[in-house]
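Asks: First the structure, which I've put down as structure tokens, then a few questions once you've had a look.
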Amino acid sequence: MSKEIRPIHVPDIGDYKNVPVIEIMVQVGDAVAAEQSLLTLETDKATMDVPAPFAGVVKEIKVKVGDAISTGSLIMMMESSAAAAALAPASQPPQSTAPAAPQTPTQPATVLASAASKVAAPLSLGEHFTGKAHASPSNRKFARELGVDLSRVKGSGIKGRVTKSDVQNFVKAALSQPQGAGGMLGGISVLAMPVINFAKFGEIETKPLSRIKKISGANLHRNWVTIPHITQHDEADITEMEIFRKKLNEEYAAQGIKITPLAFILKAVVTTMQLFPDFNASLDASGENLILKKYFHIGVAVDTPDGLMVPVVRDVEQKGIAQLAKELAELSAKARDKKLPATEMQGGCFSISSLGGIGGTAFTPIINAPEVAILGVSKASMKPVYIDSAFVPRLMLPLSLSYDHRVIDGASAARFTTHLAQVLTDVRRFAL
Ligand code: COA
């Protein structure tokens, strides 16, 4: 495909002369699409974007911010392909273009017709120009698409103009603020993450995040920044429970049921929640009331090749250990086979994240909102425990309970884990 370098002139801007350039949106070397904004002009009444008349690559920029230009001024040289040129004729001097609507505050501020005489849909001045925030039409459109009220954005451009990155930074800061009852709470403002070209430091590869990671990542981020987390650590002596579990495993092997410590932990958590109802609760939308649940549905984090999924085991208080073990195996198999319907991930009251099959001694799980607590389980190991004037080897299970400090006090959390550990130490307490 042949290529040629072609001039871009300012198309017809009506009676305006010597209009200052206030923003240049492209750089030499940029590949631009037809109709993409190249620069913004500002009269005393309105701002106007000059769009690219054809797709191509910017070769030279003939103006700079602050220059005053008029209809027909040469602004750029762009390389176009023959194919692109065929679709859109080269920029012509203004006399050959369709006249643009005159720009007055009471009339629409027309996005400039490209040199191809294509007049883009007019942007209503009254609709977009608040009189407070100054921004180019393209940045106003960008803000509108993101639902940003430009009057709330502090502009960093010339004369306080709002640039595209001002809008992006405003959205980033807003997203990381705590959410109230459907609204934004002020107070937190964070620096935007720097954009780093890692390739400068060595070889890299870009791997897109899975769909599940993107969805769960957004939820984890929200929960981490909006919920005041505390994690209470404890240990449960599960020596006797393990003896019982191994015995049960022998009995149920013929039925194909494998009982892991997790089934006992599920049951022990619910037994403990029955004694501490605030752990089976959610804050209501106003944040002023606690909704106490009378059912016991427990979410269990399952590690899948595509990311974390949290199926929910329902009515745990009504089920025995073997039944829970069977359901856990079925739900985690479904999660790993991507066959888990959304309904089986809803309605959880409390979550358990078990890394016990892998390793580690403690961690800080993130609360799965709107729940108010989550139990992290690490790998049990034999430890010397001082009992009756002697150290004896006991199998100790590490527990890490993260809780929402708006709802649960530290003392309640310590009571919860202490009771949970007692239940796991002596599983006859399930029956109490
Ligand atoms: N301490 C010691 N051993 C443990 C243990 C613990 N706390 N928990 C499990 N085990 C053992 C099991 O008994 C089993 O042993 P075996 O194969 O000798 O019988 C082995 O570890 C593997 O167990 P696993 O297959 O993981 O079963 P599970 O019922 O414990 O866990 C899932 C099921 C679905 C929760 C688990 O497979 C999983 O995905 N965990 C990761 C969750 C996660 O990623 N959380 C992070 C969120 S931040």
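Every read-out reported here was derived from the displayed coordinates using simple, explicitly stated rules and does not represent laboratory data. In this text the structure is predicted, and so the values were computed from the model without any measurement. Note: ideal-geometry Cβ built from the backbone for every residue, glycine included; neighbour counts use all protein chains shown.
Asks: Summing +1 for each Lys or Arg and -1 for each Asp or Glu, what net charge is found among the other residues whose Cβ lies under 9 Å from the Cβ of Leu39? Numbers along the way, then the final one.
Replies: Working: positive: none; negative: Glu23, Asp49.
Charge balance near Leu39 sits at -2.
Asks: Of the cross-linked pairs Lys141/Lys338; Lys164/Lys207; Lys247/Lys338; Lys267/Lys383, which ones have a Cα-Cα span greater than 31 Å in the structure shown?
Replies: Values: Lys141/Lys338 39 Å; Lys164/Lys207 27 Å; Lys247/Lys338 33 Å; Lys267/Lys383 24 Å.
The pairs that break the limit, which is 31 Å between Cα atoms, are Lys141/Lys338; Lys247/Lys338.
Asks: Under 17 Å Cα to Cα from Lys17, which aspartates and glutamates show up? Leave out anything in the same chain fewer than 8 places away.
Replies: Within reach: Glu42, Asp44, Asp49, Asp67.
Asks: What full-extension length gain, to one decimal in nm, is calculated for Leu146 and Tyr252 as 0.36 nm per residue of separation minus the Cα-Cα distance? Could the numbers behind the result be given before it?
Replies: Working: separation 106, 0.36 × 106 = 38.16 nm, distance 5.59 nm.
Net length gain for the segment: 32.6 nm.
Asks: Kindly give the semi-axes, whole Å and largest first, of the ellipsoid equivalent to region 13-84, taking each as the square root of 5 times a Cα gyration tensor eigenvalue.
Replies: Details: eigenvalues 99, 29, 22 Å².
Value: 22, 12, 10 Å, ordered largest first.
Asks: Ok, one more. Given R₀ = 41 Å, what would the calculated FRET efficiency be for Tyr386 paired with Leu308, taking r from the Cβ atoms and rounding to 0.05?
Replies: For Tyr386 and Leu308, the calculated efficiency is 0.60.
Asks: What is the distance, in nm, between label points placed 7 Å from the Cα along the Cα-to-Cβ direction at Val28 and at Ala218?
Replies: Spacing of the two 7 Å Cα→Cβ label points: 4.1 nm.
Asks: If you add up the charges near His297, with Lys and Arg at +1 and Asp and Glu at -1, over every other residue whose beta carbon is less than 14 angstrom from its beta carbon, what do you get? Mind dumping the intermediate values first?
Replies: On the way: positive: Lys267, Lys293, Lys294, Arg314, Lys319; negative: Asp315, Glu317, Glu327, Glu344, Glu371.
Every neighbour counted, the sum reads 0.
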